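Only one structure is covered here, and it is reproduced in the block below.
Nothing in this text is a laboratory measurement; each read-out follows from the coordinates by a stated rule. None of these values were measured; they are calculated from a predicted model. Positions of Cβ are generated from backbone atoms using ideal geometry, with glycine treated the same way; all protein chains shown enter the neighbour counts.
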Amino acid sequence: MTGELDADVVVIGLGPGGEHLAATLARAGLSVVGVDRRLVGGECPYFGCIPSKMMIRAADALAEARRVPVLGGATEVHPDWATVADRIRDEATDDWDDTVAVERLEQAGARFVRGHGRLAGPGRVVIATDAGDREVVVRRGVVLNTGTEPAVPPIDGLADTPYWTNRDAVRLRELPSSLVVLGGGAIGCELAQAFSRFGVEVTVVEAGERILGPEEPEASAVVVAALEAEGIVVRAGVGVSAVAHDGAFHIGLADGTSLDAQALLVAAGRRTNLGDVGLETVGLDPAARSVDVDERMRVAGAGGLWAIGDITGKGAFTHMSMYQADVAVRDLTGEDGPWADYRAVSRATFTDPEVGSVGRSEAQARAAGIRVGTGTAPLPESSRGWLHKVGNDGLIKVVADLDRGVLVGATAVGPAGGEIIGMLVTAVHAEVPLATLRGMHFAYPTFHRAIETALSDVS
Ligand SMILES: Cc1cc2nc3c(=O)[nH]c(=O)nc-3n(C[C@H](O)[C@H](O)[C@H](O)COP(=O)(O)OP(=O)(O)OC[C@H]3O[C@@H](n4cnc5c(N)ncnc54)[C@H](O)[C@@H]3O)c2cc1C
């Protein structure tokens, strides 16, 4: 064991929330040690949100250019992946180098140790570094922000093939001619559409009965129709039973059919990094899939331990990790709240049409025993949707608690669905009465004006 350190707070894992928390606490005058075994900033800037949204921005521009002939002239589109790959390497990830992020953290006053951090009993952390183990004695608390890895399902033959995950997909310099995407969640659908728009022949295979399973069924249906209209094959309700590779991938499906493709992208969910962080040394279950936290982000059953981000199971989003970081900072610095509130968790899936949603789906609201009323408004029938014409697919759906007269959830699918949902996030979070919402003005002719139609449809 080399170099014993001491600190007020040790942050194990520096995803978006952990990095923010470590810097904020250091700026507040606490002595902070931040630990990451890979890149400071975590999945989002290097392998997740940022590079994938750069791909999507480029793919959307191509799609808009292809729509020009319907609206105003002629275009010729010649996709060039090198432009996207260069932008991801140079602008988003510094060639997957976190020097700038480490410097930012250190300038804030934190110390950074690259290595694998583990709890070693209450108030102690051991960091395995290239130069040996370092032990840190912790005065105030340890914050876990260890995030996730791509989950790879135990499919016959898969492990022996050169399949890709998101971590490979964002580093591609050249695109394959054909691609099977295993998993029709947000990540799978976003990447499938982006690659397809660059000319890759794409099939999405989803074992669940529909893609974008956590979203409203109406939202899934709109996205399926849009993907299929662009030539993407969507195979939902069928699992993959075997995978082989002999230069090409051969993918056997549970219904006896098979698919051949040059590349296979596994986007089948995420596995939390909790197995090797020493949870057992503080009386917690190391096999747990998530960590139970209270409204201050304190871990139930372990004093002096906080957790934030994907490992808390409250929504695997960058904005959740950042939000929880601020809550934990308030607790660690002795502030009096506000504490975590999950009634209006929002998210956006950046397919085209984009899916923005907040709070409970209709099915979740019914399962919670709420007397539910719903209202929908198709965007193509709205004034803006009609004007917009090509690319106007989408709808607004609101889910109301009829007894309380408030919205408990909503979905906006369409151009800028992730922006339209913003107003509905406020409505759900602040429990604005339906009567108040119905008495508002909605600018003409905007997409969000369709919210007025959906509200008047609530029954
Ligand atoms: C392709 C893709 C697209 C996405 N798009 C979006 C999006 O558009 N919007 C959105 O909100 N979210 C998106 N996400 C999710 C988002 O990336 C995560 O929710 C976000 O990164 C928050 O994760 P986190 O803070 O829990 O930790 P992570 O970002 O997973 O970081 C955890 C860090 O902990 C480190 N670590 C783990 N164990 C240890 C250990 N024992 N010791 C030391 N270090 C350790 C890891 O190296 C890593 O750096 C996307 C994810 C993917 C994969």
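Of note:
- Amide H contacts for W306 (H built 1.01 Å from N in the peptide plane; partners 5 or more residues away or on another chain; cut-off under 5 Å): V142, V143, L144, V299.
- Mean silhouette area of the stretch 312-391, derived from the convex hull of its C-alpha atoms and averaged over all directions, reads 8.1 nm².
- The alpha carbon centroids of the stretch 30-83 and the stretch 358-386 are separated by 29 Å.
- At R0 = 25 Å, FRET efficiency that the Cβ-Cβ distance of D403 and D341 yields, to 0.05: 0.75
- For the chain, the mean residue ellipticity at 222 nm estimated from helices alone is -9000 deg cm²/dmol, where every DSSP H run of n ≥ 4 contributes -39500 (n - 2.57) and the total is divided by all residues, rounded to the nearest 500.
- Table column - 3J(HN,Hα) (Hz), the stretch 239-248, Karplus curve with 6.51, -1.76, 1.60, x for Gly and Pro: x, 8, 9, 7, 9, 10, 9, 9, x, 10
- Prolate/oblate/rounded label for the stretch 151-268 (Cα gyration tensor, a/c 1.5): oblate
- Angle in degrees between helix 318-332 and the longest Cα principal axis of the chain, rounded to the nearest 10: 30 degrees
- Using distinct alpha-carbon pairs, which all enter the 1/r mean, Kirkwood radius of the chain in Å: 23.8 Å
- Dimensions in Å of the stretch 302-449 - Rg and Dmax from alpha carbons: 17.4, 58
- The stretch 11-136: projected area of the alpha-carbon convex hull, averaged over directions, in nm²: 10.4 nm²
- A simple rule links phi to the HN-Hα coupling: the Karplus curve 6.51 cos²θ - 1.76 cosθ + 1.60 with θ = phi - 60°, which for the stretch 209-221 gives 5, 8, 6, 6, x, x, 7, 4, x, 4, 5, 4, 5 Hz, with x for Gly and Pro.
- Straight-line cross-link reach from K314 at under 27 Å between alpha-carbon atoms covers these lysines, not counting any fewer than eight positions away in the same chain: K53, K397.
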